[in-house]
1. Kirkwood Rh over Cα pairs of region 1-92 into Stokes-Einstein at 37 °C, 0.692 mPa s: D in µm²/s?
2. Taking the highest mean first, how do the peptides 174-184, 84-94 order by number of other beta carbon atoms within 10 angstrom per residue?
3. For 168, 131, which order do you get if you count the other beta carbons within 10 Å of each Cβ and list the fewest first?
4. What are the ³J(HN,Hα) couplings of region 35-44, residue after residue, when phi is run through the Karplus curve with 6.51, -1.76, 1.60 and θ = phi - 60°? Round to Hz, x for glycine and proline.
5. Spin-label point model (7 Å from Cα, Cβ direction): what's the residue 18 to residue 33 distance in nm?
Amino acid sequence: MYITVFEETIPASRNVIAGAYYTKLRPILQDHSGFISENGYTSPSDEKTHLTLAKFTSQESAQFWRTHPDHLRIQHKSRQGLLENFRLRSGPVVQPSEYYTADDDNPSASSSSSSSSCLTTSKRGRYLIVYEELISVREQPGLRSHIETALLVAASGIFDEAFDITPYANDQTVVWLISFATKKAAVKCRDSQALANVQKGAEDMTHLVRVEREYGRFDRVEAPRDADGLQRRENESP
């Protein structure tokens, strides 16, 4: 499975426009070969900050979607006139059989594996735990209990190597994004009793992602450059 995490900041005054763009994109995404699911979430601490979590069967299916002409056109409009900020991270889910191999922690080894999947992210957050949890599974359902849990998790020593722990939520689900520099640190957290003590979701709702693409509005040097020249046009825009 291949996961794309897209965080965006949208001013309240532009919510209607954002909704219109999303309405145009959603049917294209759902009809796309290799699409699994896509859901939207909002930061509990800042209603302007949103998360889109998309899952695909493979990197190829995610790339075909990313380079779809309608997707490129709408995303270009969004980045130019709608979003205050954004950050995209994407990569394959690491299989349990790969947890204790050292190859993934060598950037040169990862980048040389294939020309289409070369790393375009810094080492700082090369591994990402994506943990989803249904709000209904809590003894005291509600977003507040999840926020309190996230704070407890952040205070746990097992998360000392995490660069950030960011929660998002919608009416049914809370998503935690926990980033690490190395696979070793991410797996240590993934397998820790500390995380197990706060997890209430099913095992298949926790994914360890090897981030192979990461870029944002203000670090465009790491943006992909194979999207039919779109990146070149963006860099040339005023």
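Each reported figure results from applying straightforward, stated rules to the coordinates on display, with no laboratory input. This one's a predicted model, so the numbers in the text were calculated from it and none came from an experiment. Quick reminder, even Gly has a Cβ in these numbers, built from the backbone with ideal geometry, and neighbours come from all protein chains shown.
1. Using the Kirkwood radius from Cα pairs, D works out to 242 µm²/s.
2. Highest to lowest by the protection proxy: 174-184, 84-94.
3. 131, 168
4. 6, 10, 7, 8, 9, x, 9, 10, 5, x
5. That separation, rounded to one decimal, is 3.3 nm.
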